[in-house]
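Peer 1: My structure is below; once you've seen it, I'll send some questions.
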Amino acid sequence: MGTVFAIARLQILPEEEDTTSVIGVASHSKNLSSDLPDITLLPPELALHILSNFNATELCLAGCEIKSWSEITEDDVLWLNLVKSEWKYAAYVQERILEKSWQSFKKLYLLMDEAQLIFSINPLQGIEYLQDHGIVTSQPDDIALYLHSSKKLKKEELCSYLVNHRKDVLDEYIQLEDYRNQAVLPNVLRNFLQNFPARHCKLTQEDLALLLHKFSRRYVHCNPGTGLSNEVVYNICFSLMLLGTDLTHPLIKNKMSKREFIRNTRHLTPGVDQDYLAHAYDNVYLIGPVAR
């Protein structure tokens, strides 16, 4: 089975072929050698198991260029599994998707792939495209689930959609964040803000404050054992962002010391242990700013 899979992939795809999108794949043409195994001679279960290792681009190429493979590469089981592996959202709402009468699950894959491309150009139109085809509903929590589980969406457009257009979806999006058992606050904040790149999204101070407030509430909810209040977490986060700017800005010559950071932050964070703030400073100093 491994030999069949290896030969097929080597002969279907040219070297350094771009397989990031299935759009336009059918136009590719390549002469395949005559010794390519006829996968249709295998038991159907085994043939499907081999083809399950192919991505969407490879399946399309195989179906277009190997006549004997054209039917099996259209199999709904293969394409449904690809849909669920590429978009976790489809796995979460599988029952609803299965209820809809699709022409094929390959068509569903192509629709979701197209929506992803549209979203990268115009986020509002991308979500509207999904809604027009009955894939995503108009409910804020459903849109948030799609956005949160779709890791290939461009962060700049994701940020723009949530902050500039749909703050109701932003609320639901942050509720999907799971910060349980993540005690190192700078690391959690850094991971969160990666989805909201301030420079590219042109976030205002009000936008950043809104994000920090929502993040702080969610962090406290997920980590009640820390004993920190929403306000205290917000103030620590704000101080960490200022610290990152201070340590990395080329025009600031006299960098903030650990002692200065603790002194400046302690009056805003009553009850917080000095060692906690010292560790937070070390994290930013060694790893880098929490926001970029």
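The values are calculated or read from the model by the stated rules, or taken from the named source; none is laboratory data. Small disclaimer: the values here were computed from a predicted structure and weren't measured. Every residue, glycine among them, receives a Cβ derived from its backbone with ideal geometry; neighbour counts consider all protein chains shown. For accessibility, only protein heavy atoms count, side chains too; no ligands or nucleic acids. Shrake-Rupley method; radii C 1.70, N 1.55, O 1.52, S 1.80 Å.
Peer 1: Can you compute the charge dipole magnitude of the range 76-207 about its Cα centre, using +1 on each Lys and Arg Cβ and -1 on each Asp and Glu Cβ, nothing else charged? Give it in debye, rounded to the nearest 20.
Peer 2: Numbers: 16 positive and 19 negative charges, 98 e Å.
In total the dipole reaches around 460 debye.
Peer 1: Run the quick spin-label model on residue 70 and residue 180: label points 7 Å from Cα toward the beta carbon, then report their separation in nm to one decimal.
Peer 2: Calculated label separation equals 5.2 nm.
Peer 1: Right, something else. Which shape class, rounded, prolate or oblate, goes with the range 171-292 when its Cα gyration tensor gives a ≥ b ≥ c as root eigenvalues, a/c under 1.5 marks rounded, and past that a/b bigger than b/c marks prolate?
Peer 2: Values: a/c = 1.80, a/b = 1.14, b/c = 1.57.
It comes out oblate by the Cα gyration axes.
Peer 1: Do you know the relative contact order of the range 179-292, to the nearest whole percent, from alpha carbon pairs under 8 angstrom that are 6+ apart? Please list the in-between numbers first.
Peer 2: Working: 105 pairs, mean separation 43.4, N = 114.
Result for the range 179-292 is 38 percent.
Peer 1: While we're here: Sort 222-232, 193-203 by packing, meaning the average of other beta carbons within 10 Å per residue, with the highest value first. Could the numbers behind the result be given before it?
Peer 2: On the way: 222-232: 14.5, 193-203: 16.6.
By packing density, highest mean first, the sequence is 193-203, 222-232.
Peer 1: Further, regarding this structure: Could you pull out the pairs from 151/255; 151/253; 107/154; 214/253 whose alpha carbons sit more than 30 Å apart here?
Peer 2: Working: 151/255 36 Å; 151/253 38 Å; 107/154 23 Å; 214/253 33 Å.
In this structure, 151/255; 151/253; 214/253 lie more than 30 Å apart at Cα.
Peer 1: Take residue 168, project a point 7 Å from its Cα along the Cβ direction, then tell me which residues of the range 114-144 have their backbone nitrogen under 14 Å from it.
Peer 2: Only 137-144 pass the distance filter.
Peer 1: Under a point spin-label approximation (7 Å from Cα along Cα-to-Cβ), what is the residue 254-residue 199 distance to one decimal in nm?
Peer 2: Going from the residue 254 label point to the residue 199 one covers 2.7 nm.
Peer 1: Can you give the net charge of the other residues whose Cβ lies under 14 Å from the Cβ of residue 118, counting K and R as +1 and D and E as -1? Intermediate results must be reported in sequence, preceding the final value.
Peer 2: Working: positive: 152, 154; negative: 113, 114, 128, 132, 157.
Neighbour charge sum, excluding residue 118 itself: -3.
Peer 1: Something else: If R₀ is 35 angstrom, what is the calculated FRET efficiency for the pair residue 124 and residue 45, using the beta carbon separation as r and rounding to 0.05? Please report the intermediate quantities before stating the final value.
Peer 2: On the way: r = 44 Å, r/R0 = 1.25.
For R0 = 35 Å, the calculated efficiency reads 0.20.
Peer 1: Once each part is reduced to its C-alpha centroid, what is the distance from the range 200-261 to the range 64-116 in angstrom?
Peer 2: Rounded to whole Å, the Cα centres lie 42 Å apart.
Peer 1: Can you list the trypsin sites (Lys or Arg not before Pro) in the range 213-266 that are in a DSSP coil and have 13 or fewer other beta carbons within 10 angstrom? Intermediate results must be reported in sequence, preceding the final value.
Peer 2: Values: sites: 214, 217, 218, 253, 255, 258, 259, 263, 266; in loops: 253, 255.
Counting only loop positions with at most 13 other Cβ atoms within 10 Å, the trypsin sites (Lys or Arg not before Pro) in the range 213-266 are 253, 255.
Peer 1: I'd like to compare 50-56, 286-292: which one has the highest average count of other Cβ atoms within 10 Å, and what's the full order after that?
Peer 2: Packing proxy ranking, top to bottom: 50-56, 286-292.
Peer 1: Report, to the nearest whole %, how much of the accessible area of the range 42-190 belongs to carbon and sulfur atoms, 1.4 Å probe, protein only.
Peer 2: Details: 3510 of 7130 Å².
Taking all protein chains in place, the range 42-190 shows 49 percent carbon and sulfur surface.
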